[in-house]
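Okay, so here's the structure we're looking at.
The values are calculated or read from the model by the stated rules, or taken from the named source; none is laboratory data. Since we're looking at a predicted model, the values are computed, not measured. Backbone-built Cβ (ideal geometry, glycine too); neighbour counts: all protein chains shown. Heavy atoms of the whole protein, side chains included, go into the accessibility calculation; ligands, DNA and RNA do not. Shrake-Rupley method; radii C 1.70, N 1.55, O 1.52, S 1.80 Å.
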Amino acid sequence: MGQQRQLSAETRAVIEELVPEAAKARRVFIFTGAGVSAESGIPTFRDAQTGLWAKYDPVMLASIDGFRKDPANVWKWYDERRQTMSQCMPNAGHTAITEWQRMLAPVQGRLDLATQNIDDLHRIAGTEQLIELHGNIWEVRPLGAGFADAFRLMDCPLSEHPPRAADGSTLRPNVVWFGEMLDESVLNHAFHCAMKADLALSIGTSSLVYPAAALPFVAREHGATLVEINPERTELTAAADYVLQEPSALALPALVEGIRSILPGNPA
Ligand code: BJW
């Protein structure tokens, strides 16, 4: 049997201090990145440059130039990732966020979740009104078309690279590549939620990719208490009020359980 992982004594002390404040928050904003899905078996974007996908250059592939140069190769990479993701289930971190969102309903609170992840795991875990900043790997749109023309394409693996629309035109993944604008309405909504928050959490992201990485800073500037959950230090760490230097699938359930124990209307 595998050894059970435990939070460090330092993290337990930080959670004990954080729980009463977190339980008072009625507008919670959560910003997530690849680290949250790492424990479901999906390599992070940085892992991709050293691990499973080392044969590819994700920074080149995640760009419109890379796609125009070799759409079949880019689609091969996305198809492999779709196949990996189709085998993955939400982990305890995803589930804890959903539980926290549900726990806030009886106290007229709300939790907004903006994710950079394209893997659908937050939705599968049941989180509602999900804000997908960088799109969704299960959606496609015709090359040259906008986000509004996206539709789901669940074939896995795909029968051809690139997949084509009924009229023969090339389809692309409905994700945001380097140098591309994010969907303006989605980004504006995320900033609005960040600005309204009284508690903001940045979880499992290297905080390097903008404009998304600005969200927790903006929440902090507008008065939110800022929490970071990440086993590594990031560009955000120094700005955070509370730092839980742990995997999210370990720290989030402990935090949410602590909140549940004192939040009205949420029996264990
Ligand atoms: C754990 C854990 C565990 C591990 N528990 N944690 C200079 C040159 C070129 C561009 C720029 C530049 N300076 C700025 C830019 C802009 C650029 C940018 O920010 N680049 C930076 C890299 C410098 N941004 C853009 O281009 C954006 N668009 C834009 O700015 O438009 C404006 C504009 C356009 C045109 C003209 C003029 C202006 C678009 C950015 C789109 C990002 N897209 C990607 C790909 C999505 C599709 C796909 O996946 O295929 O999004 S890139 C990639 O990075 C992906 C991710 O969502 C995103 C963030 O990554 P994330 O989630 O932080 O993952 P990692 O891997 O970096 O980190 C994982 C973390 O998890 C680590 O910290 C671990 O420690 C942690 N971790 N295990 C908790 N168990």
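Odds and ends about this structure:
- Summed over the residues of segment 71-218 and divided among them, the accessible surface reaches 42 Å² per residue at a probe radius of 1.4 Å.
- Simple spin-label estimate for Gln129 and Phe178 gives 3.5 nm between the two label positions (7 Å along the Cα-to-Cβ direction from each Cα).
- Computed lengthening from Ala214 to Asp65, 0.36 nm per intervening residue step minus Cα-Cα distance: 51.1 nm
- Relative contact order computed over the chain (Cα-Cα under 8 Å; 6+ residues apart), in percent: 26 percent
- Simple label model, 7 Å out from Cα along Cβ direction - Ala72 to Ser185, nm: 3.7 nm
- Within a Gaussian network of the chain (alpha carbon springs, distance under 10 Å), most fluctuating of Ala200, Ala166, Ala249: Ala166
- Segment 192-268 shape via C-alpha gyration tensor axes, a/c threshold 1.5: oblate
- Legend: Rg and Dmax of segment 142-215, from Cα coordinates, 16.3, 49 Å.
- Of all accessible heavy-atom area on segment 117-251, the percent that carbon and sulfur account for (1.4 Å): 51 percent
- Under 5 Å, built H, 5+ apart or other chain: amide partners of Thr127: none
- Convex hull of Cα atoms in the chain, direction-averaged projection (nm²): 15.1 nm²
- Across all Cα atoms of segment 1-111, the radius of gyration (one decimal) and Dmax (whole number) stand at 19.1, 53 Å.
- Tilt relative to the chain, helix 92-104 - C-alpha long axis, 0 to 90 degrees, to 10: 60 degrees
- Mean sequence separation of contacting Cα pairs (under 8 Å, at least six apart), scaled by the length of segment 136-247, corresponds to a relative contact order of 18 percent.
- Estimated vicinal HN-Hα couplings, Hz - segment 6-15 in sequence order (Karplus 6.51, -1.76, 1.60; Gly, Pro = x): 10, 5, 5, 4, 5, 5, 4, 5, 5, 4
- The chain, helix-only ellipticity at 222 nm - DSSP H runs n ≥ 4, -39,500 (n - 2.57), divided by all residues, nearest 500: -10500 deg cm²/dmol
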